[in-house]
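Please read the structure below before turning to the comments.
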Amino acid sequence: MASGDIQSDESLYPIAVLIDELRNEDVQLRLNSIKKLSTIALALGVERTRSELIPFLTDTIYDEDEVLLALAEQLGTFTQLVGGESYAHVLLPPLESLAQVEETIVRDKAVESLRALAPQHSTTDLETYFVPTVKRLAQGDWFTSRTSASGLISVCYARVSNHVKGELRQLFKSLCQDDTPMVRRAAASKLGEFAKAVEPELLRQEFVPLFTNLANDEQDSVRLLAVEAGIAMAGLFRHEDLEHQMMQTLRAATEDKSWRVRYVVADKLCELQKAVGPEITKNDLVGAYCSLLKDPEAEVRAAAASKLKDFCTNLPADSREQLIMLQILPCVKDMVGDMNQHVKSALASVIMGLSPILGKDNTLEHLLPLFLNQLKDDYPEVRLNIISNLECINEVIGVRQLSQSLLPAIVELASDAKWRVRLGIIEYMPLLAGQLGAEFFDEKLSSLCMSWLTDHVFAIREAATNNLKKLVEKFGREWAQNTVIPKVIQLARDQNYLYRMTCLFAINILAEPCGQEITQRMMLPTVVTLASDPVANVRFNVAKTLQRIYPVLDTTALALHVKPCLEKLNQDADHDVQHFSNEAYEILPKA
């Protein structure tokens, strides 16, 4: 008898500990116990999990939001722990309670778990347990439960009887017409998903009216979600039906009084374009797109501008060029001078994509002047977006034509009086180099890159040395020894000690990408020579350079050149030179 009691006590132990921890004042302890639910369920076994643990959890759903969130997440993965799919319905009561709480993130997680459980129910269990849960939520007194119901109707619709399908459609209709905006918003967000689940013949008579009402709702937050749903629904209609059923409402959305609604139309325009087909695109969407490009709200213009390339690519091939040249391009020309930097930046990131569509002649006549304007824009992001996409135009007009048109503007910016503008161009050089190739780069831009090494602003000289490293990595060591290193070494003989120091800074950075052979043969002798420089700042930078490049050198070079040079600097009259040479000497290999 006693041993039976002991066994009984031991089997009760996990749930007793859980109850204690869930009632503990420490939130973290309660949260940890929820995260260990699966372990406790395994200890209890499937039968006791169903009969004790789940009812206990259902009764104790009054806690901090983070604890409830963890519980909602755990329950979605509990099917096997309660005995498999035939017992999945046991998990519905606690999740139903969680789907009604005030905190949105908890409700959303509960709905996510319920949606995951729906396919695990048999058809009979769906109608016996899941659908009644959905009905209770849809008819709840609080808006919180009704918002949750919106996300559950579509997941069970396909597998229930026709009678129950009718009830579910009626429930969804009542949610779309709810007095509370939050419920209508939730229903609007699921309208497109539900429309894909219902029978095609019901779309026209039941769902189009729902869409029209939601798209004309007094709340803009409902209207914008309805527009998204409408775009999803558009793909379900034949094109001839679409014109009569949906297009009038979608056209009106492009001129909605709320900029948020217009923004959604601009953002989803290419999806709508694919759904409606070429004829409606040509007759309706091109005009709508042009009005969005001219929208008074900058966010809408930026969203519309970012779709320029994709929208134009998807236009019907027979009239594409004409539609762009006559209707879209005039709007684009106006946008190049837009007052808002985000609009200009969005446009600059895609405008080059028009070149392959419009061909060489139109590019040269109409697009090049726009690119030149954008290259001179005050905002660096606009300039970068143009330079980043030069490849598109290069393919259309060729590198020679490009050099005659856009490169002079880049060179002009590279010599700009404002040093920050020059700095911006330096940062784009490796990008440009990759697009133009080594031969063309040498011809047009190599001398420019070297001239920055003798700029009167230190930030430019520093950026120029970093730029050289990226160019060497792109074009290789042979290019470096023929083009870059001779000019860097030449700086060691310059009258201005600042440029002699720049020579050392460049060697610091170039040693690694150039490798041992080139560093020892071409650069190390220059460093050693500068150890006798009359300016102390140059001499202690020799010590710093040797400290930086010694891992690239072999032991012979270290013994014959580096160590004697540092020993000489160690005897220097200047204390700083002594300090840095001593520091460098200390870290050299002792062998």
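The values are calculated or read from the model by the stated rules, or taken from the named source; none is laboratory data. Keep in mind it's a predicted model, so treat the numbers as computed, not measured. Here the Cβ positions follow ideal geometry from the backbone for every residue, glycine too, while neighbour counts run over all protein chains shown. Quick note on the areas: whole protein, heavy atoms, side chains included, nothing else; ligands and nucleic acids left out. Shrake-Rupley method; radii C 1.70, N 1.55, O 1.52, S 1.80 Å.
Overview of results
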item: Local net charge near His575, Cβ-Cβ under 13 Å (Lys/Arg +1, Asp/Glu -1); result: -3
item: Positive dipole terminus of the chain, leading residue within Pro132, Pro181, Gly353 (C-beta point charges); result: Gly353
item: Ranked packing of 209-218, 155-164, most packed first, by mean Cβ within 10 Å; result: 209-218, 155-164
item: Extreme residue, positive dipole direction of the range 274-337, given options Ser291, Asn314, Ile280 (C-beta unit charges); result: Asn314
item: ³J(HN,Hα) computed for each position of the range 535-543 - Karplus, 6.51 cos²θ - 1.76 cosθ + 1.60, integer Hz, glycine/proline x; result: 9, 4, 4, 5, 5, 6, 6, 4, 4
item: Net charge dipole size for the range 349-403 [Lys, Arg +1 and Asp, Glu -1 on Cβ; Debye, nearest 20]; result: 120 debye
item: Relative contact order (%) - criterion: Cα under 8 Å, at least six apart; region: the range 344-456; result: 25 percent
item: Farthest positive-ward along the range 194-250 dipole, Cα basis, beta-carbon charges - from Leu214, Gln248, Ile231; result: Ile231
item: Separation of alpha-carbon centers, the range 246-319 and the range 103-182, rounded to whole Å; result: 34 Å
item: Listed peptides 184-193, 112-121 by packing density, highest first (mean Cβ within 10 Å); result: 184-193, 112-121
item: Average accessible surface area per residue within the range 287-402, 1.4 Å rolling probe, Å²; result: 42 Å²
item: Long-range HN-HN contacts of Leu553 with modeled amide H, under 5 Å; result: none
item: Of all accessible heavy-atom area on the chain, the percent that carbon and sulfur account for (1.4 Å); result: 49 percent
item: Percent of C-alpha pairs per 20 Å bin, the chain, short to long; result: 16, 28, 26, 25, 5, 0
item: Lys, Arg +1 and Asp, Glu -1 on Cβ, resulting dipole of the range 270-367 about Cα centre, debye, nearest 20; result: 160 debye
item: Contact order normalised by residue count of the chain, Cα under 8 Å, 6+ apart, percent; result: 5 percent
item: For the range 352-392 and the range 557-579, distance of Cα centres in Å; result: 54 Å
item: Which of Met339, Met182 is most accessible, then next, and so on - probe 1.4 Å; result: Met339, Met182
item: Nonlocal amide H pairs with Asn314, under 5 Å, H built at 1.01 Å; result: none
item: The chain, helix-only ellipticity at 222 nm - DSSP H runs n ≥ 4, -39,500 (n - 2.57), divided by all residues, nearest 500; result: -20000 deg cm²/dmol
item: Dipole moment magnitude, nearest 20 debye, the chain about Cα centre, only Lys, Arg, Asp, Glu C-beta charged; result: 1800 debye
item: Residue order for Arg301, Arg136 - accessible surface, 1.4 angstrom probe, largest first; result: Arg136, Arg301
item: Cα-derived Rg to Rh of the range 488-591, Kirkwood definition; result: 0.93
item: Cα centroid separation, the range 27-53 to the range 409-452 (Å); result: 65 Å
item: Net charge of Cβ neighbours under 9 Å - reference Leu453; Lys, Arg +1; Asp, Glu -1; result: +1
